[in-house]
1. Return the calculated 222 nm mean residue ellipticity for the chain, to the nearest 500 deg cm²/dmol, obtained by summing -39500 (n - 2.57) across DSSP H runs with n ≥ 4 and dividing by the residue count.
2. Could you tell me which trypsin sites (Lys or Arg not before Pro) in segment 249-313 are loop residues by DSSP with no more than 10 other beta carbons within 10 angstrom of their beta carbon?
3. Could you work out how far the C-alpha centroid of segment 18-83 sits from that of segment 156-212, in angstrom?
4. When only alpha-carbon atoms count, how far does the chain stretch along each of its three principal axes, as whole angstroms with the largest first?
5. Quick check: residue separation of TRP229 and PHE144 times 0.36 nm, minus the Cα distance between them. What number comes out in nm?
6. Over the chain, what is the mean sequence separation of C-alpha contacts under 8 Å (at least six apart), divided by residue count, expressed as relative contact order in percent?
7. What does the charge add up to near LYS202, with Lys and Arg as +1, Asp and Glu as -1, over the other residues with Cβ less than 12 Å from its Cβ?
8. Can you give the angle from 0 to 90° between the axis of helix 309-318 and the longest principal axis of the chain, with both taken from C-alpha atoms, to the nearest 10?
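Just so you know, all these numbers are worked out from the coordinates, no wet-lab data involved. Fair warning: this is a prediction, and the values are worked out from it, not measured in the lab. Here the Cβ positions follow ideal geometry from the backbone for every residue, glycine too, while neighbour counts run over all protein chains shown.
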Amino acid sequence: MIVSTCGYGSTGASAVLDYLRGYDNVNLLDSLEFQLVHEADGVSDLKYHLTQSRERIGCNAAIKRFLRLKKTPLGYKLKRLGVDFDKLTEEYIGELVQVSWKGYSSYDPLDVANIPSNFYLYKARRALNKMLRTICNRWHYPRFQKRYFSLLSEEEFDLITKKYIQKLFDSIGFSLEKDIITDMLFSATNPALGMEFFDDAKAIVVMRDPRDLFLTIQSHLWTNGFQPWDSVEKFVLYYKSLIEHTVRTGDNRILNIQYEDLIYNYEETTQVINAFLGYDNRPANEFKYFDPDVSVRYTQRFTKATQYAAEIKYIEENLPQYLYDFKQYVPRKMGN
C-alpha cells in the first residue's frame, strides 16, 4: 500500500507524516514532496493530452513539457536520492511515443515561442525562410526540432505509467513489501486523481483553521508565496474557493481530517487514521516525532497576533463555516 498525506499548503499534512513516522514497518519518503503525478505538466496533464484531448499538435507540446521536469527541483531532488530520473523518464516517454521526427509547426506553442514580437523582424524571418527553401526544401530557420506523436487509450497510458512510477520507487530502494508513506503524491483538491497508477493507494487530506493559516503565510512568505498574502480579502476568496472546489466523492480511499483534531482530539483522530490504514497497533515510537503537547503552540496563534486583529476579524466574518471550535476541547498544556 502507498499512502500520501495531502495538504493545501501549511495546513498540517506534515504532522500526520510525523505521526506515521513512529511506525517501524513503513518506508517513509519525506525528503521531498513527490508531486510528479499532479503538478503542472506532470503525469496527469500528460494523460489528459494523450488520452482525452487527443490533439495531434498538443500531444507534442505536452510531452516536451513533461520532459522539462528533469530540470525542476523535483527532478534534482530525485537524482540526489540516487534515482536515474533522466534515464527512466526518457524510457517512459519512449514507451508512450508512437512516432517521432524532426519538424516544425506554427501552431505549436513551443515552436513559436521564439518568434520575434517585432513585426519587421517577423517579416525578415519569413523572407529568410523563403530564401532558404529556394536553395533546399529541407532548410528552415529556426532549425527543425524533434517532435512527438502519441494518442493512447487510458488503459494503455495507465499501464505504462504504473510501471514507470514503480521503477522510480524501486530505484529509491522502496518496495511494496512495506507500506510506503509519502507527502503530496496526490493533490488535496482532487486526491483520487492519479490513484489509477497504483494497485493500492490511500490519501489523508489535512485542513487547518484559516486564521492560523493566514498568520503562517505572513511569517513564512519564502515558502508560502504561492498563496495570497498581501490582502486578507484575496486570501478569503482563495481559501473559500479552494475548499468549495475540492472534489469530495465519498471515496473510501480518501480520509479528510482537521489538523487541530490531531492535537486537541488526538486519541480519537489517530484511531480513525489507524482504522483507515488497517493498522491494529499504536506506533512503536509514538510521540517521538509528533507530540500534540508540543504542536499545540502552532494553534490559536491568532489570539496573540494583535497586529493582525482586523484581518482575523475579517476572516471570522467571511469564513465562519471553516473556523475550528477550540472551545469544545480542554486546552492542552504546551510542552517544551
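1. -12000 deg cm²/dmol
2. Numbers: sites: ARG253, LYS288, ARG297, ARG301, LYS304, LYS313; in loops: ARG253, LYS288, LYS304.
Sparse-neighbourhood loop trypsin sites (Lys or Arg not before Pro): LYS304.
3. So the two Cα centres are separated by 10 Å.
4. The Cα atoms of the chain stretch 84, 51, 35 Å along the principal axes, largest first.
5. Numbers: separation 85, 0.36 × 85 = 30.60 nm, distance 4.38 nm.
So the chain would gain 26.2 nm between TRP229 and PHE144.
6. It comes to 29 percent, rounded to a whole number.
7. Net local charge, LYS202 excluded: -3.
8. 80
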